[in-house]
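Novice: One structure is given below, represented as structure tokens, and several questions about it will come after.
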Amino acid sequence: MLMLAVMTLVGCTDIIDAPVNPVEEAVDEGPSYTEKTVDVNRDGQAYGQVTLRFYADMPNVPYISVADFHKVMTGGETMKVQRQGNLYELTTLDGKATVDVKDDNLRSTTYAGFVNLMWMVDASLAPNTMHDGMGEKGFDATLDVVENGPVIKRLLQSPNNMDFAWGRMALQYLVHDGGHTNVRATAGVPDKISADYVQRMLAVEANYPEASAMFEKNVKELNERSKVMTQLAELRRQAYGDVLYKANSQKTLGVIIINSFADQDEKAWNKYYASPKGDSDWQELMQNYEKDNCIAFLYALGQAKKDGVKNLIVDVTQNGGGSCDIVAATVAMLCKNRTVQFWSQDALEGTNKITTYQIDTNFDGVFDERDDTYPKFDCSDMNIAVLSSWLSFSCAHQFTTLMKDYDFPIIGEHSGGGTCCIQVMLTPDGQHYMISTYRDRSTDKNFANTDSGIPTNGGYAFDYAHFYDLDYLTTKMQELYVNK
């Protein structure tokens, strides 16, 4: 993998403990894995142990169970999952629940789980009606006063599976925050049962007119976002074709296109760092630019340096997010700085945090001062700007925020927000949903909330028709850097 020194955040999934009173029937156990017990240290204090799981097909990726993740975040055990044949028993602070996804009658009350967990959603994150005053009223009381809120509440309190499912579908419209929060009934449903579950929901949709109408509003919002994405994609394709880097004919302006910060080719990076790391090894690494967003950026940056462009624009107008690791590496290369700082805040406790990434910017396999003085690419002679849009979400918004904090201009349109990481939650019945985690909301360097988007520099917001016009962009860059 790309070498970064940083606090590690790992993905989480459900843990399957030893069966209790196992049912005598074949059970699909999934791919093989090994497990390792590790100590938990929170601010210098021991908080017990958790189990990390490593699957055979992804031996370098640690997984942590939802139960253990909550133990780490809360400083104590708050839930436990046990498997009983094809059923799951979930124990939470609200009691025990047995889950069978084929059963249309839930075995416990689920609404308490939403009340206890959804209140953690930051009231400033989502634009919809649910959040008007929710910070003062709380989740439960807000449902009593918003349009169709009492209907949703009744459905969420019902022990009938389909009632609860359609309550979740309606709730999605109220808590939609651009992409992170997902309480739809289909969230986290395994592929093997998803189609059957959806068919059962559609078969009774007529029984839930209010819930169906609210979910359609959410679908309409998503469709509007998709229309803008399609519009921008077509405009850029007409102007640039299908490329990751485009320069004007005079080679005075180069544009690097980053459509995602998500794709990583671990195999390619492991091979590179296991080698002598000579020029031939670098060229071999660059051949994987279509599989890895960081390699794609480095490949395009190499083209820009070869062209000798003075003005460089990093285009994240169609970037929906990804990994902070890739964001950190990208910012470090553009800043000629081996360390990159992320500013954030615990939305519940109000504490401010600074996370420092150290980047191997010369890709020699060592974190040292040479990463500052002799990076692989020195961008200090370039005029750099970020071209963003309201579709620049999550890690793309994070990238825009950091670049603004490091004094690079933002042009085009304000970014789209999405300052929180995703956190997977469980109802007492074991059904999944996701929220924008309350534990780590990114901010600017002054610890100010930026979820409404990073604005462009004054006078440098412009229409989509100019987003991919190289002549227009050249003029704007010349204006921005007139005295440099």
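Novice: Give me the pairs: first residue in segment 446-465 and touching a residue at least 40 places away in the same chain (Cβ under 8 Å) and within 16 Å of N352 (Cα to Cα), second residue open to solvent by less than 40 Å² (accessible area, probe 1.4 Å) and among the charged types (D, E, K, R), beta-carbon distance under 6 Å, and six or more apart or on different chains, which are they?
Specialist: T450/D444
Novice: Tell me yes or no: at least one residue of segment 404-412 is in contact with a Gly (Cβ under 8 Å, 6 or more places away or on another chain) and either surrounded by fewer than 22 Cβ atoms within 10 Å (Cβ to Cβ) or among the aromatic types (F, W, Y) (or both).
Specialist: No, there is no match, as no residue in segment 404-412 is in contact with a Gly (Cβ under 8 Å, 6 or more places away or on another chain) and either surrounded by fewer than 22 Cβ atoms within 10 Å (Cβ to Cβ) or among the aromatic types (F, W, Y) (or both).
Novice: Closer than 23 Å to W390 by Cβ and either under 20 Å from the mean Cα position of the chain (by Cα) or open to solvent by less than 60 Å² (accessible area, probe 1.4 Å) (or both), is that true of E221?
Specialist: Yes, satisfied.
Novice: Pairs only if they're at least six apart or on different chains, beta carbon under 8 angstrom, first in segment 402-425 and assigned to a strand (DSSP E or B), second open to solvent by less than 10 Å² (accessible area, probe 1.4 Å) and among the basic types (K, R); list them, first residue then second.
Specialist: Pairs that qualify, where the first residue is assigned to a strand (DSSP E or B) and the partner is open to solvent by less than 10 Å² (accessible area, probe 1.4 Å) and among the basic types (K, R): there are none.
Novice: Can you pull out every residue in segment 173-182 that is open to solvent by 20 Å² or more (accessible area, probe 1.4 Å), closer than 21 Å to Y111 by Cα and not in a helix (DSSP H, G or I)?
Specialist: Scanning segment 173-182 gives H176, N182.
Novice: Something else: Go through segment 183-218 residue by residue and tally those that are assigned to a helix (DSSP H, G or I) and out of contact with any Leu (no Cβ under 7 Å at 6 or more places or on another chain).
Specialist: Qualifying residue count for the region: 25.
Novice: Of the conditions (1) part of a loop (DSSP other than H, G, I, E, B); (2) touching a residue at least 24 places away in the same chain (Cβ under 8 Å), D368 satisfies every one except a single condition; which number is it?
Specialist: (2)
Novice: Within the bounds of segment 187-198, is there any residue that is open to solvent by 20 Å² or more (accessible area, probe 1.4 Å) and more than 24 Å from H432 (Cβ to Cβ)?
Specialist: no
Novice: Which ones in segment 149-172 are modelled with pLDDT under 90 and open to solvent by 30 Å² or more (accessible area, probe 1.4 Å)?
Specialist: Q157, P159, N160
Novice: Quick one: in segment 418-449, of everything that is out of contact with any strand residue (DSSP E or B) (no Cβ under 6 Å at 6 or more places or on another chain) and surrounded by 22 or more Cβ atoms within 10 Å (Cβ to Cβ), which residue is modelled with the highest pLDDT?
Specialist: Among those residues, the one meeting the criterion is G418.
One line per residue, one yes/no per condition, for (1) within 30 Å of Q231 (Cα to Cα); (2) open to solvent by 30 Å² or more (accessible area, probe 1.4 Å):
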| residue | (1), (2) |
| --- | --- |
| C324 | yes, yes |
| D346 | no, no |
| G350 | no, yes |
| Y357 | no, no |
| T361 | no, no |
| R370 | no, yes |
| T373 | no, yes |
| D381 | no, yes |
| S389 | yes, no |
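Novice: Please verify whether F399 is under 20 Å from the mean Cα position of the chain (by Cα) and modelled with pLDDT under 95, treating the condition exactly as stated.
Specialist: no
The values are calculated or read from the model by the stated rules, or taken from the named source; none is laboratory data. Computed from a predicted structure; not experimentally measured. Every residue, glycine as well, gets a Cβ built from its backbone with ideal geometry; the counts of neighbours run over all protein chains shown. We work out accessible area using only protein heavy atoms, side chains counted, and drop any ligands, DNA or RNA first. Shrake-Rupley method; radii C 1.70, N 1.55, O 1.52, S 1.80 Å.
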